[in-house]
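Novice: My questions will all concern the structure given below.
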Amino acid sequence: MADASFAAGAAAAGGAPVPVDAPAKLQYVCGNCNALNNIKPREPVRCRACGYRILYKMRTTRLTQYEAR
Amino acid sequence: MDDLRLLKKLGEGSYAVVFEAQDRAGTRFAVKQLKDAPASWAECVRQPEIAALRKVQHRNVLRLHRLVVVGDSASAGKSSVLLVSELLEADLFESLEAMHLRAQRPRPEHIRWLGRELLSGLSAIHEAGVLHRDLKPENVMLAGPGSPSGCAAKLVDFGQAKDVRSAKARRADWTAYVATRWYRAPELLLGAARYTGAVDVWACGVLLAEALTGRPVFPGDSPSNQLFKIAATLGAPQTSWPDAPRIAAAAGRLPVLQEHNSGGRGPMAAAAAAAVADPAGEGVDPKRAAEAARAFADEDASVLARPVATLEDKWKLLPAFLAVRGLVRQHVESYDHFIEEELEQIIKANSMIRSEADPRFFLEYTGVSVGRPSIEQDLMESDVTPHECRLRDLTYSAPIRVNVRYTRGRQIVRHNGVLIGRVPVMLRSCRCVLRGKSDAELAPLQECPYDPGGYFVVKGCEKVILTQEQLSKNRIIVELDPKGAVSASVTSSTHERKSRTVITTKHGRIHLKHNTIGDDVPVVAVLRAMGVTSDQEIVQLVGSEPELQDALAPSLEETLELGILTQAQALEYIGARIRARRASSALVGMQGGPSASSYSRRDEALNVLSTVVLSHVPTEGDAFRSKRIYLALMVRRVLLTQLGRSDLDDKDYYGNKRLELAGQLLSLLFEDLFKRFNSDLRRAADAVLSKPNRAAAFDVINSVRTDTITMGMTQALSTGNWTLKRFRMERAGVTQQLSRLSYISALGMMTRVTSQFEKTRKVSGPRALQPSQWGMLCPSDTPEGEACGLVKNLALLAHVTSDRDPEPVRRLCFDMGVEDAECLCGEELHGGAYLVFLNGLLLGAHRRPYDFAKAFRIFRRAGILGEFVSVYVHDGLRAVNIASDGGRICRPVVVVEQGQPRLTARHMRDLAAGLVDFNSLLSTGVLEYLDVNEENNCLIALREADITRATTHLEIDPVTILGVVAGLIPYPHHNQSPRNTYQCAMGKQAMGTIARNQFERIDTVLYLMVYPQKPMVRTRVIDMIGFDEIPAGQNAIISVMSYSGYDIEDAIVLNKASLDRGYGRCLVMKKFMTTIRKYPNQTYDRIVGKPLEDDLPADMPASTRRQVERLSAIDEDGLPMVGEDVKPGGVLVNKQMPANTTDHFDNPDLPPDGYKPAPLSYKGAEKGFVDRVMLSSTTADTTLIKVLMRQVRRPELGDKFSSRHGQKGVCGLIVPQTDLPFTDEGVCPDMIMNPHGFPSRMTVGKMIELIAGKAGLQDGKRRYGTAFGGDRVVDISAALVRAGYHYAGKEVLTSGITGEPLKGYVFFGPIYYQKLKHMVMDKMHARARGPRAVLTRQPTEGRSRDGGLRLGEMERDCLIGYGASMLLLERLMISSDEFQAEVCTSTECGGLLSYGGWCQFCRSGRHVRKVRMPYACKLLFQELQAMNICPRLTLEPL
């Protein structure tokens, strides 16, 4: 599969493996209390403030462009 | 006196008797004899009646010929006074009644004549100073043309007359207690001490209005109610009659009347105004009043013809009904019934578990409760909301806990709150967190206030249990069996078993058929077996009418021939024919003895007869008594039908149907699962207890497994397979996923009723619309095609009953004089009395069935019985049927008594003010529920005007025959009926707002409209269901004309500028989902972030570059960035899976090459935007990632649109606004529709919608197009004309291309158009080369797999016919699955397939030849070989 060759290649060619742990700046909004949370892999998804188990990813900070037809 | 001969009595009142008399000359007179004889002649002539009649001589007043005093004037007791007057033909009351019966109405000119007659009579008596004070139809006599005075109306009965000029009248107060209530003037009602001739004029006006409309105008049931009725029609007394408060105050009464805003002033207004024009002063001014009233009588007929005092606002009951019961009341109610009652009954019925291993062991359930909806996570139970379940793919369920008593070792232990499983919770049911929440409270729960509830959330999917329609259980149905013989069948259904018993005839002999008994058994034998030994008793039970006796004779003889004379012989006979030997018989047989087999056989027959045959008939006390009677009744029904004395039952008649709802289905399922749960528990107990030595005392609680019930419930709900072991029932498709295409589709799904009938059967009966479905099922809303007529929808007000305990009904029946069947012999049962049945079981007999039914209804209206208990008298079968069972369909109607609806304007006002609700109207007997059967005993008037004395009920509103979906259509009564059916199907596909929480939802696919609008033409139903708040469509300005030729075949032309402004723009949201799993070997999936730019080599090969580009939307956490665009094929979640998920690793963090990529990629034709990325976890510790992708689409060529009249069309052309025609105001259409769409479709409703909408645009008021009502076309046209438009909505258009006016007028205005979900973008598909199926090597099928376009057999036939053989070869083989096969041509093997140039059979490669054939052909040969069939190929040179 093409994907396999790429993923293995990128990791091998790039030397440093891709960080699996998301950096702290990536935050997720709680669906209940709107608190910002960090998520670690293999930890249950849960808001630290209210214990709600649905988190949403925040909107991109990148510039986005929409066609307004 | 001697010259008068009394002929006959004409009538009798409380004061007098009237006779018809004749004198010697033959002239006939009316003679009135007063009951209270006056003491003297002087007193006699002072009597008001006599005085008045003597005073006035007028054409319109009864003429008194003479006064006769008979008897001895000295002894007062015996004398009497006779008033001899002219004999008149009929009174007004009788003649109006007669006309009404002939469905005639007096014409306005008649009324005017009557008015003149009465008023001239009145003015004559008023001039003489006499007030009649009791004017009513009964007191107006009509003289025919033959009478001396010619045609005339005459005032009679001056019994309450008053001479206002008498001295006494001047001094004392006058009593206000005069006149009959319905004709009492307001001042009398208010208790005025002085009044004028106006009271007579008032009564005259009321009388005239009544004569005109055919029914009483102000039928009050009490003085205050009378006042309300008057005020409701004529307006507040403050405005129409300023003196009212003063009069009321003077009479010591507070004015009960408040300002009441009623626009409808009938013809009464003028009369009343005239009547009260004279302030209640001293003198009588009859002239003025009479003049005014006479002017009224001369008034134009059109004013008089207006309807009077109808309850125009009766439809307001509908929202009141919906407010109390909700749109999906039947589902919620049945579920509540299951949770609150049936659950406990089931637990109680199966409350004991014992073990065979240990007789001391037992477990007993002592109580059950269902908790709040919750989920169990991390070993904790926490409350949950439905929306959280949807998002997290959970099941919205509540724990079932029981209290138990059981033995542990030697002690008895009690344990409370043991969890036995979870039951899914229906939304908005009694256990749901949403129950009773206000809109504001629903918002934080992320729930839509318009959502009807009634469905379940199972594993994140919304599931609906569809209502199932079945033939009613436990009722006798007489039908023709397949052989054409008359048979009576009963499907008995109890909690334990279901069985069917059939009584059928063969060669004139009556037999019983049952599936536990092998052969058909003579029914007489069965009766004998049940203990009726004498032939006489059998005949009497069936009925001793001579014909019945004759018909029964062959059956009696048959048993004689068979030698069945005693109960023992009969039991023996039946026992020998019982199919499956039962476990009990084996046990009995083991006891041994010579007669064991015959004993057990008898015993078995007795057992089968008492528990299996007709199992719903109880066998207690005198064991078989009721069963015998029941069986005999079935025989009687068969015989009566054979003799033609009664009819076959109609299976399609809706009274013979029962609807099975969510609660009932769940209760069946739960009982099955609970029994399985108990047997599992027993087995576990047996296993442990049978072991001799145990370390610790066995605690049965530890072996409770909650999965049986929890999984059983969720599985059944999510797959829709209802498997019941008890009934050997296997039903598929019971549940369906709630369609969220639009709000309407969700609502439509909740009201759906599916039939258990086979769809393939070619019978029209079950599919046809039955008259008994009126008001119960929507006549329009049914699918087209195979399920047509089998899938139905409930009407707006239809309600499905739940089971109700029949015991109180039973007791009441006996209290009301039903003679218990147990105490009656056959002769008495079938004598004169009517049989009384309760839920199909014979209760007894009653001699006065109609009185009984009437009393029964009175009790129901008084709220003593349940409102859904129904009673009806069946004259054909001489039976009174009472039903309290569940699944009957019924509807509310207004009760009418003595020609008067009990619902009054006052009720409506109280309803609007919130003082009463629908339920209180029910409990006060103003409204009541009727089921299909009871409707047969009722005469339900459609409108108030149709009410006669025989009417028993009044429809709430004719719209209620339609369902929710058909209720959206404006003016449906002007459309051809199939068009409404088409719209019902299309309304469910319209895009719009789905719910208030639509942006919080993550559905697989969600179609939303960007700028939805409220329709310009609405209906009452739209108001009620809140469609205005979450609409699905837009008001397009359409012009009905031909344009460009791209509008043929229903295609529409769209304005490009409209599209730019946002017309028809929609959002398509798609869900993409993946999970991050942990595997048994402790490895786990991982998400990998996007590689950094620096890490990528500069000289990437093109393929790698493409791979990197696919990751463009991925963030550092491996998830897409919200708001980014993703191209088709782009990666949404860059997931990697461990390559090995089985072997154990010491370190679960695998090296990078231990993973293989498993990305979640975006599939779509066009790029989309990431709308939401949700992370959560299901209960098992897997992380759930849902990505919602959004597309904004503007209409394009080929997108489908439809109006609300079943007129669909695709967009054929998009035209720049510059080229479109425009009106003289510069208005340009959004859409052009071809006029050819109208003539063949006959959707007149659409045209009316257009002009109604156009009129609405002029004054800013949206119009009503409610079915069988709504705004009238004349009013709409008038509004258009007022605004300066053509009355029919036509306009002059100017061509946008040539600039010249178009020839002819163009129909132009707004119509509400729906954009349907079928869009070209989702359908567009083409392929030259592409993927092939692995097995056949042929191109894949379907757009989703990028499949090929099939050249089907019909296309193939064309090519064969044309002889294009090479094209065929190319299409069917070369471009499909061409294959180079190898065939051995040697004679040895005779043409077997060979592989790799080597024939395995010949062991040589010499004769192998290459052949081109389809791969499928090669596959066939191989498959044949595998089946031991040897295909051989014979090759010939070309």
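Novice: Considering only region B:1-22, how many residues are loosely packed, with under 14 Cβ neighbours inside 10 Å, among the acidic types (Asp, Glu) and modelled with pLDDT of 75 or more?
Specialist: The qualifying residues number 1.
Every residue, every condition in (1) in contact with a Gly (Cβ under 8 Å, 6 or more places away or on another chain); (2) modelled with pLDDT of 90 or more; (3) not aromatic (Phe, Trp, Tyr), yes or no:
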site: B:LEU1150; (1), (2), (3): no, no, yes
site: B:ILE1185; (1), (2), (3): no, yes, yes
site: B:SER1203; (1), (2), (3): no, yes, yes
site: B:LEU1220; (1), (2), (3): yes, yes, yes
site: B:HIS1236; (1), (2), (3): no, yes, yes
site: B:MET1242; (1), (2), (3): no, yes, yes
site: B:GLY1245; (1), (2), (3): yes, yes, yes
site: B:GLY1253; (1), (2), (3): yes, yes, yes
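Novice: Filter region B:1154-1166 for residues that are part of a loop (DSSP other than H, G, I, E, B) and either of a type outside the set (D, E, K, R) or facing chain A (nearest Cβ under 9 Å) (or both) and give the result. Please lay out each step first, then the result.
Specialist: Taking region B:1154-1166 as the starting set, the residues that turn out to be part of a loop (DSSP other than H, G, I, E, B) are B:1158-1159, B:1162-1166.
Selection gives B:ALA1158, B:PRO1159, B:TYR1162, B:GLY1164, B:ALA1165.
Novice: Could I ask something else about it? Got a sec? Which strands (runs of 3 or more DSSP E) wholly within region B:365-410 have at least 1 residues that are within 11 Å of chain A (Cβ to nearest Cβ) and free of Cβ contacts under 8 Å to residues at least 12 places away in the same chain? I'd like the intermediate steps shown before the answer.
Specialist: Details: elements: B:374-377, B:380-383, B:397-408.
Output list reads B:380-383.
Novice: Only one of (1) crowded, with 22+ Cβ neighbours inside 10 Å; (2) in a helix (DSSP H, G or I); (3) in contact with a His (Cβ under 9 Å, 6 or more places away or on another chain) fails for B:VAL524. Which number is that?
Specialist: Condition not satisfied by B:VAL524: (3).
Novice: Restricting to region B:946-997, name every residue that is within 19 Å of B:TYR1312 (Cα to Cα), in contact with a strand residue (DSSP E or B) (Cβ under 6 Å, 6 or more places away or on another chain) and not in a loop (DSSP other than H, G, I, E, B). Can you show your working first?
Specialist: Filtering region B:946-997 down to residues within 19 Å of B:TYR1312 (Cα to Cα) leaves B:964-976, B:979-994.
Of the ones still in play, those that are also in contact with a strand residue (DSSP E or B) (Cβ under 6 Å, 6 or more places away or on another chain) are B:970, B:975, B:979, B:986, B:989-992.
If the condition is that a residue be within 19 Å of B:TYR1312 (Cα to Cα), in contact with a strand residue (DSSP E or B) (Cβ under 6 Å, 6 or more places away or on another chain) and not in a loop (DSSP other than H, G, I, E, B), then B:ASN975, B:ARG979, B:MET986, B:GLN989, B:ALA990, B:GLY992 are the ones that fit.
Novice: Check B:LEU1368 against each of (1) in contact with a helix residue (DSSP H, G or I) (Cβ under 8 Å, 6 or more places away or on another chain); (2) surrounded by fewer than 14 Cβ atoms within 10 Å (Cβ to Cβ); (3) not small (Gly, Ala, Ser) and name the one condition it does not meet.
Specialist: With (1) in contact with a helix residue (DSSP H, G or I) (Cβ under 8 Å, 6 or more places away or on another chain); (2) surrounded by fewer than 14 Cβ atoms within 10 Å (Cβ to Cβ); (3) not small (Gly, Ala, Ser) applied to B:LEU1368, the lone miss is (2).
Novice: Would you confirm whether any residue within region B:1060-1072 is under 20 Å from B:GLN1013 (Cβ atoms) and within 9 Å of another protein chain (Cβ to nearest Cβ)?
Specialist: Of region B:1060-1072, the ones under 20 Å from B:GLN1013 (Cβ atoms) are B:1060-1068.
Those left that are additionally within 9 Å of another protein chain (Cβ to nearest Cβ): B:1060.
Within region B:1060-1072, one or more residues are under 20 Å from B:GLN1013 (Cβ atoms) and within 9 Å of another protein chain (Cβ to nearest Cβ).
Novice: Now, a different point. Name the single residue, out of those in region A:26-69 being part of a loop (DSSP other than H, G, I, E, B) and of a type in the set (Val, Ile, Thr), that is farthest from the other protein chains (Cβ to nearest Cβ).
Specialist: Of the residues in region A:26-69, the ones part of a loop (DSSP other than H, G, I, E, B) are A:26-27, A:31-35, A:38-54, A:58, A:60-69.
Pick out the ones that are also of a type in the set (Val, Ile, Thr) and you get A:39, A:45, A:54, A:60-61, A:64.
On the way: A:ILE39: 7, A:VAL45: 5, A:ILE54: 5, A:THR60: 4, A:THR61: 8, A:THR64: 5 Å.
The extreme case among them is A:THR61.
Novice: Can you name the number of the only condition in (1) within 11 Å of chain A (Cβ to nearest Cβ); (2) without any contact (Cβ under 8 Å) to a residue 40 or more places away in the chain; (3) among the small types (Gly, Ala, Ser) that B:GLY1123 fails?
Specialist: Unmet for B:GLY1123, out of (1) within 11 Å of chain A (Cβ to nearest Cβ); (2) without any contact (Cβ under 8 Å) to a residue 40 or more places away in the chain; (3) among the small types (Gly, Ala, Ser): (2).
Novice: Can you tell me how many residues within region B:1167-1188 are within 8 Å of another protein chain (Cβ to nearest Cβ) and of a type in the set (S, T, N, Q)?
Specialist: 3
Novice: Identify, from the list B:ALA1113, B:ALA1102, B:ALA1139, the residue that is within 11 Å of chain A (Cβ to nearest Cβ), surrounded by fewer than 16 Cβ atoms within 10 Å (Cβ to Cβ) and of a type in the set (A, V, I, L, M, F, W, C). Spell out the reasoning first.
Specialist: Values: B:ALA1113 fails: surrounded by fewer than 16 Cβ atoms within 10 Å (Cβ to Cβ); B:ALA1102 fails: within 11 Å of chain A (Cβ to nearest Cβ).
Checking each option against the conditions leaves just B:ALA1139.
Novice: Output the residues belonging to region B:1030-1066 that are assigned to a loop (DSSP other than H, G, I, E, B) and either on the phi > 0 side of the Ramachandran plot or surrounded by fewer than 16 Cβ atoms within 10 Å (Cβ to Cβ) (or both).
Specialist: So in region B:1030-1066, the residues assigned to a loop (DSSP other than H, G, I, E, B) come out as B:1030-1033, B:1041-1051, B:1062-1065.
Correct list: B:GLY1033, B:SER1042, B:SER1044, B:GLY1045, B:ILE1048, B:GLU1049, B:ASP1050, B:GLY1062, B:GLY1064.
Novice: Moving to a separate point now. Within region B:1081-1096, is even one residue buried (at least 17 other Cβ atoms within 10 Å of the Cβ), facing another protein chain (nearest Cβ under 9 Å), closer than 20 Å to B:MET1009 by Cα and among the small types (Gly, Ala, Ser)? Step through it out loud before you land on a result.
Specialist: At the first step, the residues of region B:1081-1096 found to be buried (at least 17 other Cβ atoms within 10 Å of the Cβ) are B:1083-1091.
Then drop every residue that is not facing another protein chain (nearest Cβ under 9 Å), which leaves B:1084, B:1086-1091.
Keeping just the survivors that are closer than 20 Å to B:MET1009 by Cα gives none.
Within region B:1081-1096, none of the residues are buried (at least 17 other Cβ atoms within 10 Å of the Cβ), facing another protein chain (nearest Cβ under 9 Å), closer than 20 Å to B:MET1009 by Cα and among the small types (Gly, Ala, Ser).
Novice: With a cut-off of at least 2 residues that are surrounded by fewer than 19 Cβ atoms within 10 Å (Cβ to Cβ), out of contact with any strand residue (DSSP E or B) (no Cβ under 9 Å at 6 or more places or on another chain) and touching a residue at least 12 places away in the same chain (Cβ under 8 Å), name the helices (runs of 4 or more DSSP H) lying wholly within region B:616-726.
Specialist: Working: elements: B:625-642, B:662-689, B:707-719.
Hits in region B:616-726: B:662-689.
Novice: Taking the condition of being surrounded by fewer than 23 Cβ atoms within 10 Å (Cβ to Cβ) and over 14 Å from B:SER739 (Cβ atoms), how many residues in region B:980-1001 meet it?
Specialist: So the count comes out to 8.
Novice: Another one. Out of (1) surrounded by fewer than 19 Cβ atoms within 10 Å (Cβ to Cβ); (2) more than 25 Å from B:VAL1273 (Cβ to Cβ); (3) hydroxyl-bearing (Ser, Thr, Tyr), what's the single condition that is false for B:SER977?
Specialist: (2)
Novice: Filter region B:1394-1438 down to the residues that are assigned to a strand (DSSP E or B) and either touching a strand residue (DSSP E or B) at 6+ places or on another chain (Cβ under 6 Å) or among the basic types (Lys, Arg) (or both) and list them by number.
Specialist: Scanning region B:1394-1438 gives B:SER1394, B:CYS1399, B:VAL1408, B:ARG1409, B:LYS1410, B:VAL1411, B:ARG1412, B:MET1413.
Novice: Of all residues in region B:1272-1327, which are of a type in the set (A, V, I, L, M, F, W, C) and assigned to a loop (DSSP other than H, G, I, E, B)? Spell out the reasoning first.
Specialist: Step one: list which residues in region B:1272-1327 are of a type in the set (A, V, I, L, M, F, W, C), which gives B:1273-1274, B:1276, B:1278-1281, B:1283, B:1288, B:1292-1293, B:1297, B:1302, B:1306-1308, B:1311, B:1316, B:1319-1321, B:1324, B:1326.
Hits for region B:1272-1327 are B:ALA1283, B:ALA1288, B:VAL1292, B:ILE1297, B:LEU1302, B:MET1319, B:MET1324, B:ALA1326.
Novice: For region B:804-869, which helices (runs of 4 or more DSSP H) that fit wholly inside it have 1 or more residues that are under 28 Å from B:GLY925 (Cα atoms)? Talk me through it step by step, then tell me what you get.
Specialist: Working: elements: B:807-815, B:826-829, B:849-861.
Per the criteria, B:807-815, B:849-861.
Novice: Where residues in region B:1398-1425 are more than 57 Å from the chain's Cα centre (by Cα) and over 16 Å from B:GLN1380 (Cβ atoms), which of them is surrounded by the most Cβ atoms within 10 Å (Cβ to Cβ)?
Specialist: B:CYS1402
The rows are residues; the columns are (1) farther than 30 Å from B:GLY644 by Cα; (2) over 48 Å from the mean Cα position of the chain (by Cα); (3) in a helix (DSSP H, G or I).
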position	(1), (2), (3)
B:THR533	no, yes, no
B:LEU541	no, no, yes
B:GLU547	no, no, yes
B:LEU565	yes, yes, no
B:GLN569	yes, yes, yes
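Novice: Right, something else. Tell me yes or no: at least one residue of region B:604-613 is farther than 30 Å from B:ASP820 by Cα, out of contact with any His (no Cβ under 9 Å at 6 or more places or on another chain) and either at pLDDT below 65 or not aromatic (Phe, Trp, Tyr) (or both). Even if it seems obvious, please write down each step before you answer.
Specialist: Step one: of region B:604-613, the residues farther than 30 Å from B:ASP820 by Cα are B:604.
Remaining after also requiring out of contact with any His (no Cβ under 9 Å at 6 or more places or on another chain): B:604.
After this cut, where a residue has to be either at pLDDT below 65 or not aromatic (Phe, Trp, Tyr) (or both) as well, the list is B:604.
The answer is yes, given that some residue of region B:604-613 is farther than 30 Å from B:ASP820 by Cα, out of contact with any His (no Cβ under 9 Å at 6 or more places or on another chain) and either at pLDDT below 65 or not aromatic (Phe, Trp, Tyr) (or both).
Novice: I would also like to ask the following. Tell me, which residue of region B:1236-1252 that is among the small types (Gly, Ala, Ser) and over 19 Å from B:GLU1049 (Cα atoms) is surrounded by the most Cβ atoms within 10 Å (Cβ to Cβ)? Working first, answer last.
Specialist: Within region B:1236-1252, the first condition is being among the small types (Gly, Ala, Ser), and the residues that meet it are B:1237, B:1240, B:1245, B:1252.
Narrowing the set further to residues that are over 19 Å from B:GLU1049 (Cα atoms) leaves B:1245, B:1252.
Numbers: B:GLY1245: 28, B:ALA1252: 31.
The qualifying residue surrounded by the most Cβ atoms within 10 Å (Cβ to Cβ) is B:ALA1252.
Novice: Pull up region B:666-689, narrow it to residues that are of a type in the set (D, E, K, R) and under 15 Å from B:VAL402 (Cα atoms), then point me to the one that is farthest from the chain's Cα centre (by Cα).
Specialist: To start, the set of residues in region B:666-689 that are of a type in the set (D, E, K, R) comprises B:671-672, B:675-676, B:680, B:682-683, B:686.
Okay, now just the ones that are also under 15 Å from B:VAL402 (Cα atoms), so B:671, B:675.
Details: B:GLU671: 28, B:LYS675: 34 Å.
Checking each candidate, the answer is B:LYS675.
Novice: Is it fair to say B:THR719 is of a type outside the set (Gly, Ala, Ser) and either modelled with pLDDT of 90 or more or within 26 Å of the chain's Cα centre (by Cα) (or both)?
Specialist: Numbers: of a type outside the set (Gly, Ala, Ser): yes; either modelled with pLDDT of 90 or more or within 26 Å of the chain's Cα centre (by Cα) (or both): yes.
Against the criterion (of a type outside the set (Gly, Ala, Ser) and either modelled with pLDDT of 90 or more or within 26 Å of the chain's Cα centre (by Cα) (or both)), B:THR719 qualifies.
The values are calculated or read from the model by the stated rules, or taken from the named source; none is laboratory data. On a predicted model such as this, the values are computed, not experimentally measured, just so you know. Reconstructed Cβ throughout: ideal geometry from the backbone, glycine too, with neighbour counts over all protein chains shown.
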